[in-house]
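Working notes for the structure below.
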Amino acid sequence: MPRWIPRLIVMVALAAVGLFAAFHVLRALRTLLVLILISAFLSIALEPGVNFLSRKGWRRGWATGLIFLVMVLVVGLFIGLMVPLVVDQVARFVTKLPGYVDEVAGLAERFGIDFSSERLRLALTNVDADLQRFAGDIAGGIFGVGTALLGTMAQMLTVALFTFYMTADGPRLRRVLLSALPAARQREVLWAVEVAIDRTGGYFYSRALLAGISASVAWAAFTIIGVPFPLALALWMGLVSQFVPVLGTYIGGVLPLAVALIESPPKGLAVLGYVLVYQGIENYLLAPRITARTMELHPAVAFGAAFAGASLLGVPGALMGLPLAATIQALIGAYLRRHEVVESPLTVDPRAVAARTVAPNEGTEEAAPAGEPGAGSGEGEAGG
């Protein structure tokens, strides 16, 4: 047997043991790694604001603390306004439920279906035993719910701690990491970090600005319409419509519409009209101007990025998917060399070809009756 074969067997065995151990370590630390990834994303998103305050003379720690305080106040205000809204609307829905049942029963009688409030109450009399068993299950699972709640709070505090230190000590942390690379690699890494900060920070602050505008206008509109809890519904619509990818616009408008319909159908129609009109104004006037220099993603790419992020990390992944896709697109565009595309029916839009051929003909027909020698110049202008 050659002498190198036992050595190879030992190396393969050690590599297998190392990979097995690394796999189990990564699986055990998966939660921590995800929290660090979320913290890094939030740190990059907060970096432009902290840099702005630092240029004004603020220390990075105080600047980061101020931004954290603003975020905590916004989240606390949102939760404090949403809880009374949910309690009130559930109570109103339960109060009006018999009337809704009678209305549905009137529609069902036209199709020969026996669906009345008396029949519903008769069916509900047999639910007491089920409710008691359900209450027992809930009582038995209170400890598990409390443990999960404490775990969630611990994870949120961990993310906040990592995010604060990554943002406040960002320059020093980057100097430590870059010291292991040569100067040429350091410039490339710094350029990639700058692109990530620009894309992610621009996405975060542009969405925050759009959410503020949407919430302010919605607050005024809901107050005029007479919808209860207008500020809570406006905050819900502003935050959800801007920070939930792809479907946020529809999810943000459903709750105000449902609350208005519970009050009265005319108010519901007024809220629906407002949502449609405002979304048109935002999509064609506000959003293109505010997000012009932040992200340029095709809708299909944005949907795919949000779906992929949600599949990997859930809600945080869906939020991080769009700016991460924009950063990757910018990095690839910087290194990718593009070439001129050959003419082919597969690469040309027939409507664009028709427009280019019709425009010169129209210019020629308009210039011919004049009988001027400059008709050709008019054709060239139309073609251009």
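Counting only residues that are of a type in the set (Phe, Trp, Tyr) and surrounded by fewer than 19 Cβ atoms within 10 Å (Cβ to Cβ), which one in region 198-231 is modelled with the lowest pLDDT? Spell out the reasoning first.
Keep residues of region 198-231 that are of a type in the set (Phe, Trp, Tyr), which gives 203-205, 219, 222, 229.
Now restrict to residues that are surrounded by fewer than 19 Cβ atoms within 10 Å (Cβ to Cβ): 205, 219.
On the way: Tyr205: 81, Trp219: 90.
My answer is Tyr205.
Given the residues Val195, Val259, Val240, which is the only one that is farther than 20 Å from Val315 by Cα and buried (at least 20 other Cβ atoms within 10 Å of the Cβ)?
Val259
Hey, can you tell me all the residues within region 36-68 that are among the charged types (D, E, K, R) and either closer than 24 Å to Gly321 by Cα or not in a helix (DSSP H, G or I) (or both)?
Glu47, Lys56, Arg59
How many residues does region 179-197 contain that are modelled with pLDDT under 85 and not in a helix (DSSP H, G or I)?
0
Residues that are touching a Ser or Thr at 6+ places or on another chain (Cβ under 6 Å) and free of Cβ contacts under 8 Å to residues at least 24 places away in the same chain: which helices (runs of 4 or more DSSP H) entirely in region 225-281 hold 1 or more of them?
The helices (runs of 4 or more DSSP H) meeting that bar are 230-243, 248-263.
The values are calculated or read from the model by the stated rules, or taken from the named source; none is laboratory data. Computed from a predicted structure; not experimentally measured. Note that we place each Cβ from the backbone using ideal geometry, even for glycine, and neighbour counts take in every protein chain shown.
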